[in-house]
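A.B. asks: I am attaching a structure below and will ask some questions about it afterwards.
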Amino acid sequence: MAANMTDKSRVLIFDTTLRDGEQSPGATMTHDEKLEIAQALDEMGVDIIEAGFPIASEGDFEAVSDIAKNAKNSVICGLARANYKDIDRCWEAVKHAPRARIHTFIGTSPSHRGITNLDQDQMIERIADTVNHARNLCEDVQWSAMDAIRTERDYLCRVVETAIKAGATTINIPDTVGYTLPQESAEIISMLLEKVPGADEIIFATHCHNDLGMATANALAAVAAGARQIECTINGLGERAGNTALEEVVMAMKVRRDLMPYTTGIDTTKIMNLSRRVSQVSGFPVQFNKAIVGKNAFLHESGIHQDGVLKNVETFEIMKPADIGITETNIAMGKHSGRAALRSKLKDLGFDMAENQLNDVFVRFKALADRKKEIYDEDLIALMSDSAANTGNDYLQVKWLRVVCGSDGQEAELKMLVDGVEKSATCAGDGPVDACFKAVKAIYPTKAKLKVYSVQAVTQGTDAQATVSVRMEEDGRIVTGSAADTDTILASVKAYVGALNRLRVRSQKTAPDADMKTVSYKL
Ligand code: KIV
Ligand code: ZN
């Protein structure tokens, strides 16, 4: 275990961005992106990284085992249902890590027992058997009572006792459907600590979902009652309303040490860059007013606030932007800025790259600088995101686009490379974006459906870049695509084509999302 657990004030941070976070529809990350995020989580001081669900697909298995092979300090954990096949597969993936963990779970509430077709006693047997099996493979075993909050209290005590006796070293009490409130979250942990034999020998974890907007409060309440592991994701990414946000619980304990006298191993100055990166690779924008990492979290718009902050920052600020790694100055770059300046600026923004990787980015930067006078941090972040999402090696690539629009009608003329072969199409449409998307479909017929299309200006001004995000669905698989450009229509086409590339990769590598849902419930 990374932390010294004789220190009773130490709270372990278990990050599940790559498992529960990636489970949110559309938040698919590529293999390399997962590796990169895992490395950043490790460097940030996350104690345990839940890297994926190895049995779910070949892609998940490979990602977990490669993350395990590259781990430095963090424990690498994989998820497994309560059966030998899942657990063995999980162990095969995580065993390469210097410190590995198997996380096995079963739904213990009445409705989950109904799904698994086990009565209370049969479930007890299953827990004892599978936890014992996992423990024979790995000395670090976490067991979760899925939907613990809606499990009968006496039965919850029984299942937790069973898992402890069978060898679990961490017991997780998930609020799977985001139903609990802080008082209840605390009561359940206190009850388990008081009633279950052996409870003082293991670590209790809290795993909260945010359906009622309570995930952070519930996790902190559980810690105050004795839980010593918080399960969370960057930006609160996760199914439905998401999981507890790592940045929120960590900063809450840092800012309010007077009320929450606990420590974590997190280097909080790495939060902002990681938040941006997770948002980019997952395709999930961070809402502007999101606590800690939202664009507006440190902005003071009103006159009274600005005046107060200028006189004394503590008037309206409870933490400093630098605490989460926001650089104080946002000095614009421009077409005269050289490679060294760009490289150093990107490093400040969390993009540390080798000389050869910089070449492509520098070309894109110069092209942008020709069209936009001042280039701000946000522009560079958008540019980096665009370079990562739309590479020169993609199966589908946008080569050239001309759009005619106005009151007489709209028409798009498009040239694309499909597996290196140039193809073109001209289509009319209901607006310029519609005309463009029709042209893409004329070149590359697809039955994928566009579910979300959104445009955001990166900075102010009419020459601002637009970031376009799309979400598309085909056969139950959901992906996102994003692109940035000073030309909104071109950004739209690139985002659309980027999503089609992702769908193609996913259909080759993984089972559809629908299957993933079934596997996570069936025994
Ligand atoms: O929310 C949940 O119950 C889970 C479990 C698999 C731990 O994610
Ligand atoms: Zn969950």
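A.B. asks: Considering Cα pairs under 8 angstrom that are at least six residues apart, work out the relative contact order of the range 396-507 and quote it in whole percent.
C.D. replies: Over the range 396-507, the number comes to 19 percent.
A.B. asks: Within a 10 angstrom radius of the beta carbon, how do Arg364, Arg506 rank from fewest other beta carbons to most?
C.D. replies: Least to most surrounded, the residues fall as Arg364, Arg506.
A.B. asks: A further question follows. In which sequence would Ile49, Ile127 go, from the one with the fewest C-beta neighbours within 10 Å to the one with the most?
C.D. replies: Ile127, Ile49
A.B. asks: Using the reciprocal of the averaged 1/r over all distinct C-alpha pairs, how large is the Kirkwood radius of the range 1-150 in Å?
C.D. replies: Kirkwood hydrodynamic radius for the range 1-150: 15.8 Å.
A.B. asks: Antiparallel DSSP bridges in the chain: what percent, to the nearest 5?
C.D. replies: 50
A.B. asks: Between Ser9 and Glu194, what FRET efficiency comes out of the Förster formula 1/(1 + (r/R0)^6) with R0 = 25 Å and r the beta carbon distance, rounded to 0.05?
C.D. replies: Computed FRET efficiency for Glu194 and Ser9 comes out at 0.75.
A.B. asks: How large is the translational diffusion coefficient of the range 225-273 in µm² per second when you combine the Kirkwood radius over alpha carbon pairs with Stokes-Einstein at 10 °C and 1.306 mPa s?
C.D. replies: Rounded, D is 136 µm²/s.
A.B. asks: Based on the inverse mean of 1/r over its pairs of different Cα atoms, what is the Kirkwood hydrodynamic radius of the range 166-300, in Å?
C.D. replies: About 15.5 Å, per the Kirkwood formula over Cα pairs.
A.B. asks: Taking only the C-alpha atoms, wrap a convex hull around the range 328-389 and report its volume per residue in Å³ as a whole number.
C.D. replies: 77
A.B. asks: Report the equivalent ellipsoid semi-axes for the range 335-453 in whole Å, largest first, defined as the square roots of five times the eigenvalues of the gyration tensor built from alpha carbon atoms.
C.D. replies: Listed largest to smallest, the semi-axes of the range 335-453 are 32, 17, 13 Å.
A.B. asks: Which residue, chosen from Met191, Gln357, Leu156, occupies the Cα position most advanced towards the positive end of the dipole of the chain, where the dipole is computed from +1 (Lys, Arg) and -1 (Asp, Glu) charges on Cβ about the Cα centre?
C.D. replies: Looking along the dipole axis, the top candidate is Gln357.
A.B. asks: Related question: How big is the shadow of the Cα convex hull of the range 396-507, averaged over all directions, in nm²?
C.D. replies: One quarter of the hull surface, i.e. the mean projection, equals 6.9 nm².
A.B. asks: Under 17 Å Cα-Cα from Lys85, which lysines qualify once same-chain neighbours fewer than 8 residues away are excluded?
C.D. replies: Within the straight-line cut-off, Lys85 pairs with Lys95, Lys522.
A.B. asks: For Phe53, list long-range residues whose amide hydrogen, built 1.01 Å from N in the peptide plane, is under 5 Å from its own amide hydrogen.
C.D. replies: Leu79
A.B. asks: Size of the dipole of the range 328-389 about the Cα centre, Lys and Arg at +1 and Asp and Glu at -1 on the beta carbon, nothing else charged, in debye to 20?
C.D. replies: 320
A.B. asks: So, with +1 on the Cβ of K and R and -1 on the Cβ of D and E, and no other charges, what is the size of the charge dipole of the chain about its Cα centre, to the nearest 20 debye?
C.D. replies: It comes to approximately 800 debye.
A.B. asks: Quick one: order Leu450, Leu246, Leu137 by neighbouring beta-carbon count within 10 Å, fewest to most.
C.D. replies: Leu450, Leu137, Leu246
A.B. asks: Calculate, in nm to one decimal, what Gln39 and Asp348 gain on full extension: separation in residues at 0.36 nm each, minus their alpha carbon distance.
C.D. replies: Between Gln39 and Asp348, full extension yields 109.5 nm more.
A.B. asks: Counting alpha carbon pairs within less than 8 Å and at least 6 residues apart, what relative contact order, in whole percent, applies to the chain?
C.D. replies: That works out to 12 percent.
A.B. asks: Let me ask something additional. Could you check the simple spin-label distance between Asn359 and Lys311, using points 7 Å along Cα→Cβ, in nm with one decimal?
C.D. replies: 5.7
A.B. asks: Another one. According to the Kirkwood expression over distinct Cα-Cα pairs, how big is the hydrodynamic radius of the range 12-291, in Å?
C.D. replies: That comes to 18.4 Å for the range 12-291.
A.B. asks: Which of the trypsin sites (Lys or Arg not before Pro) across the range 428-485 are loop residues per DSSP, with 16 or fewer other Cβ within 10 Å?
C.D. replies: In loop regions of the range 428-485 (DSSP not H, G, I, E or B), the sparsely surrounded trypsin sites (Lys or Arg not before Pro) are Lys447.
A.B. asks: With the Cα gyration tensor of the range 35-105 in hand, give its eigenvalues times 5 under a square root as the equivalent ellipsoid semi-axes, listed largest first in whole angstrom.
C.D. replies: Computed over the range 35-105, the values are 19, 11, 9 Å.
A.B. asks: Quick one: in the chain, what % of C-alpha pairs are over 38 Å apart?
C.D. replies: 31
A.B. asks: Using a Förster distance of 45 angstrom, determine the FRET efficiency expected from the C-beta separation of Glu184 and Thr391, and round it to 0.05.
C.D. replies: 0.40
A.B. asks: Using only the Cα atoms of the range 72-222, what do you get for the radius of gyration and for Dmax, in Å?
C.D. replies: 14.8, 42
Throughout, read-outs are computed from the coordinates displayed, never taken from laboratory work. Please read these numbers as outputs of a predicted model, since none were measured by experiment. So basically every Cβ, Gly included, is an ideal-geometry build from the backbone, and we count neighbours across all protein chains shown.
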